[in-house]
Amino acid sequence: TVNGLDHAIGEAVKIATTKTATVSIPLVFRLAPGPGLLAGLVAGVRVTNLAGHGLPSGVSFRRAFLHFEVLDAAGTVLWQSGNTDANGVIVDGAGQPLVTEFFSPTQQQFQPHFWFENPIGGQDQVQIFEELSVNPEGQLTTSFIALDRKVKDNRLQPNGHSPSGPNAAELAPVGVCNAPDGSCDPGYTNGSGSSVVYYSFATTYELATAAVSVRATLYYQAIPPYYLKQRASDATGTDTDRLQFFVNNLKVGGTAIENWKLRIASVTAGVL
């Protein structure tokens, strides 16, 4: 006998991990000039959208993000971007929540879009594919009735999308033209449905030479931690209480959404 709920969950996870997106590493190499000298590592990670719509889709608070790790021969993480804690909060190299993970009237920073002309260079930076909007007062908000304008929308476009197609203005990305000269990430204009994220950071000679491989994993969060925090702090009533009850009692350990994130795709490549 097949348990209907377990079967539905299994099929949903199967679709998410095989029909949503792929991750590849077309470029990775080290810069290690010699002992005692500044070294570094450069990598490019391509994320390709397999869905027939933008990714993530639906309500604007959903997000996908890349966890990029540099590993030694024993599999120990030497450097990483996009790691999370058990609650799905993205943390830095010291395990502390990024400033950009939670918004408040005095904290309005968010992660920009990263690509060739704007590479990730620190463990406090992470590529998040998402839509962010502000209210009429210019404050970041998740309230559906207070949305005024988008300040970021780098969700992956579907394959074949044309920047001059129907409803182009409404579907146009926001924040992907952030090179020093104002140029744009070509992945959002060439119809490829993909984006290449670049990592280029300085490190010690010892770390650069110890790096044997890199791993890139795309994760998805239907309800990011900042959304739950805003609901708990800005709203009251039966629906808010019900949401908090579900969150506090849902056991995600050992499931496909352990640490409140769903693994979509992952790939490992050797360091040249």
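Only one of the listed values, (1) 24.6; (2) 19.8; (3) 17.7, was derived from the coordinates as mean projected area of the Cα convex hull in nm²; which label is it?
Computed from the coordinates, mean projected area of the Cα convex hull in nm² corresponds to (3).
Please check the chain for the longest run free of trypsin sites (Lys or Arg not before Pro) that are loop-located per DSSP (anything but H, G, I, E, B) and have at most 14 other Cβ atoms within 10 Å.
For trypsin sites (Lys or Arg not before Pro) (loop position, at most 14 other Cβ atoms within 10 Å), the longest site-free span of the chain is 20-250.
Contact order normalised by length for region 1-106, with contacts defined as Cα pairs under 8 Å and 6 or more residues apart; what percent is it?
14 percent
Around Leu132, under 14 Å between beta carbons, what's the net of Lys plus Arg minus Asp minus Glu among the other residues?
Working: positive: Arg62, Arg63, Arg149, Lys150, Lys152, Arg155; negative: Glu101, Glu130, Glu131, Asp148, Asp153.
That works out to +1.
Rounded, prolate or oblate: which fits region 1-125 when a ≥ b ≥ c are the square roots of the eigenvalues of the alpha-carbon gyration tensor, with rounded for a/c under 1.5 and prolate only if a/b beats b/c?
prolate
If I model region 114-183 as equal point scatterers sitting on the Cα atoms and use the Debye formula, what is log10 I(q)/I(0) at q = 0.11, 0.13, 0.15, 0.28 Å⁻¹?
Per q value, in the given order, log10 I(q)/I(0) is -0.35, -0.49, -0.64, -1.23.
Probe 1.4 Å, all protein chains in place: accessible area of Ile9 in Å², nearest 10?
Answer for Ile9: close to 90 Å² accessible.
Using θ = phi - 60° and the Karplus form 6.51 cos²θ - 1.76 cosθ + 1.60, what ³J(HN,Hα) does each residue of region 77-83 get, whole Hz, x for Gly and Pro?
Here the 3J(HN,Hα) series is 6, 9, 7, 7, 10, x, 6 Hz.
Carbon and sulfur together cover what percent of the accessible area of the chain at a 1.4 Å probe radius? Kindly include the intermediate steps, with their values, before the conclusion.
Working: 7560 of 13540 Å².
On the chain, the fraction of accessible area on carbon and sulfur atoms equals 56 percent.
Between Thr76 and Glu137, how many nm apart are label points set 7 Å from Cα along the C-beta direction?
4.9 nm
Taking amide H positions as placed 1.01 Å from N in the peptide plane, with prolines and chain starts having none, which residues 5 or more places from Leu78, or on another chain, fall under 5 Å of its amide H?
Placed amide hydrogens put Val70, Leu71, Asp72 under 5 Å from Leu78.
Near Lys261, which lysines are there with a Cα under 20 Å away, not counting those fewer than 8 places off in the same chain?
In chain and number order, the partners are Lys14, Lys19, Lys229, Lys251.
Give the relative contact order (percent, whole number) for region 127-254; include only Cα pairs under 8 Å separated by 6+ residues.
Once normalised by length, the contact order is 16 percent.
For region 52-66, what does the Karplus curve 6.51 cos²θ - 1.76 cosθ + 1.60, with θ = phi - 60°, yield as ³J(HN,Hα) per residue in whole Hz, taken in order and with x for Gly and Pro?
With the stated coefficients, region 52-66 comes to x, 8, x, 10, x, 10, x, 4, 6, 7, 5, 8, 10, 8, 9 Hz.
For Ala21, what residues show an amide H to amide H distance below 5 Å, using hydrogens built from the backbone and excluding near sequence neighbours?
Residues meeting the criterion, in which the H sits 1.01 Å from N, are Leu50.
Given Cα positions, please report Rg to Rh for region 127-250, the hydrodynamic radius being the Kirkwood one. Can you show the working numbers first?
Working: Rg = 19.3 Å, Rh = 18.1 Å.
Reported Rg/Rh (Cα atoms, Kirkwood Rh): 1.06.
Using a 1.4 Å probe and counting only protein heavy atoms, arrange Phe110, Phe103, Phe116 so the residue with the most accessible area comes first.
Phe116, Phe110, Phe103
For Gln244 and His7, compute 0.36 nm times the residue count separating them, minus their Cα-Cα distance, and round to one decimal in nm.
On the way: separation 237, 0.36 × 237 = 85.32 nm, distance 2.67 nm.
Length difference between fully extended and current span is 82.6 nm.
Under the definition of Cα pairs under 8 Å and six or more residues apart, what whole-number percent is the relative contact order of region 19-174?
Averaging sequence separation for qualifying contacts and normalising by length gives 19 percent for region 19-174.
Quick one: Karplus J couplings for region 166-177, per residue in order, coefficients 6.51, -1.76, 1.60, θ = phi - 60°, nearest Hz, x for Gly and Pro?
x, 6, 4, 5, 6, 8, 5, x, 10, x, 9, 10
Can you list the residues of region 87-105 with backbone N under 15 Å from a point 7 Å past the Cα of Val151, pointing along Cα to Cβ?
Within reach of a label on Val151: 99-105.
With the other protein chains left in place, how much accessible area per residue, in square angstrom, belongs to region 1-144 at a 1.4 angstrom probe?
47 Å²
Please give the helix 4-18 orientation as an angle from the longest Cα principal axis of the chain, in degrees from 0 to 90, rounded to the nearest 10.
40 degrees
Can you list residues whose amide H is under 5 Å from Ile264's amide H, if they're 5+ apart or on another chain and H is modeled 1.01 Å from N?
HN-HN under 5 Å from Ile264: Leu218, Tyr219, Tyr220.
The values are calculated or read from the model by the stated rules, or taken from the named source; none is laboratory data. Keep in mind that this is a model prediction, so the values were computed, not measured. Note: ideal-geometry Cβ built from the backbone for every residue, glycine included; neighbour counts use all protein chains shown. The protein model used for the area step is the full one, side chains on, heavy atoms only, and it has no ligands, DNA or RNA in it. Shrake-Rupley method; radii C 1.70, N 1.55, O 1.52, S 1.80 Å.
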